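Written below as C-alpha cells is the structure these notes are about.
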Amino acid sequence: MRITLTVLAMFLLTACIPAEPLKAETSQPVRNTPLAQNPTPPAVTSSATPTSDGVPLLPLPGDTPIPPMTRTPDLKFDTLSDSPIITGTFCCGFTTPEFVRNYLPEFQIRADGRYIWVLRDDSGSRKVMQTLISQERLAEILQQIASSGFFTWNDRYANDLVADVADKCIKLSLQEGEKSVCEYAEGAPEAFHELFRFLGTGAGETGSEFVPDAGYLELGVFDVDFVNPTLKWSDSDFQLNKVPSGGTWIEGEALTRLWQALNEAPWGPVVEENGVFYIFTIRLAGLSLEDPPARTGP
C-alpha cells in the first residue's frame, strides 16, 4: 500500500501514546513463546450513578444507567484457561491503523501465571516485560484488586465533552463472569489510576525483556523520503521488497531487529531498504490487541 505525504503528516501529528511515561530499567532480553490467545477488548458500558467518592458521571446519549456491582464475587478463575484473567488497555482514540496493529495491552496476567506488561519512557519508546508468577501470587493480586474497591466502581466513567481520546480499562475474567471498569478522559476514582499504575509496572515483579519467537509483518510504502528512519535494513537472507503485499510471518534475526525498532517507535516505526521507506507493523498471536492471520505451514 502507498502512504501519501498528507497521511504521513496527519499520522505524525495525531499519533497517541496510550500510557503515562514510565522509566524502564535495563534488563537482558530473553526469548519466550508469544501468548496463545488474543485478549478480547473490554466491553464498555456507561453509568450515570455517582461513585462512592462523589464524582458525577456524564452518561452517553441514549444509555440506561447501570448501578455498580455491590458484591465482591468469588475470585476463583479457570486454571486451565489460556485467556487473560487480568487485562489493562489504554487504546486507541484518534490514531492510525498502524498504531492499533502494533499496540499491546498495557498488562495482562493469565491463569498459568504468565504476566506481560509494557513500560514506556518519556519519548514514547516501550519495553515489553515478562515474568511468571505463582498461583498464590496471582490470588494475592486478585485480592488486592478487590480490596481497592474495583467491584464497587461503575463500569464506565466519562467526560463526553472531550473528543478523540482513548478508553483506559481494567478487565477481570473470573469463573463467575467478567467485570470491566473503563475511564474516558476523566471521572474514575483515584484508586482506579493507582491500580492501573501498579499492574502496569509489574505489580512489584522484576521480570525480563520479552522477545517474541514469531510475528506477522506487514509493510506500507511511503511516497516520500523519510529523513530519519528508525532502522536501515540490509539483509540478503530476508529482503523487505520480497514481503508479500498482505504480509508474512517472520522469525529469527529478522524479527528480532524489527521488533527492537518497533519498540523504539511503536506509534510508527519506519525502515529503509535501498532507498525505499516502509512503515511496518508486527502482530503477535495471542498478545497483540488485533490478532494476526492464522499461521499455516511450518
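The values are calculated or read from the model by the stated rules, or taken from the named source; none is laboratory data. Computed from a predicted model, the values in this text were never measured in an experiment. FYI the Cβ positions are ideal-geometry reconstructions off the backbone, even for glycines, and counts take in every protein chain you see. Areas reflect the complete protein model, heavy atoms only, side chains present, ligands, DNA and RNA absent. Shrake-Rupley method; radii C 1.70, N 1.55, O 1.52, S 1.80 Å.
Observations on the model:
- Modelled label positions at Glu290 and Asp235, each set 7 Å beyond Cα in the direction of Cβ, lie 2.2 nm from each other.
- Each pair of Cα atoms in the stretch 252-298 enters the Kirkwood radius, and Stokes-Einstein at 37 °C and 0.692 mPa s then converts it into a translational diffusion coefficient of 270 µm²/s.
- Heavy-atom accessible area per residue - the stretch 179-235, 1.4 Å, Å²: 40 Å²
- Sorting 182-192, 149-159 by average packing, meaning the other beta carbons within 10 Å per residue, from highest down gives 149-159, 182-192.
- The stretch 136-205, accessible surface, carbon-and-sulfur percent (1.4 angstrom probe): 46 percent
- Stretching Ser208 away from Val243 to a fully extended chain increases their span by 9.5 nm, per 0.36 nm per residue minus the current alpha-carbon distance.
- Candidate lysines for bridging to Lys171, where Cα separation is under 26 Å - those fewer than 8 sequence places away on the same chain excluded: Lys23, Lys76, Lys127, Lys179
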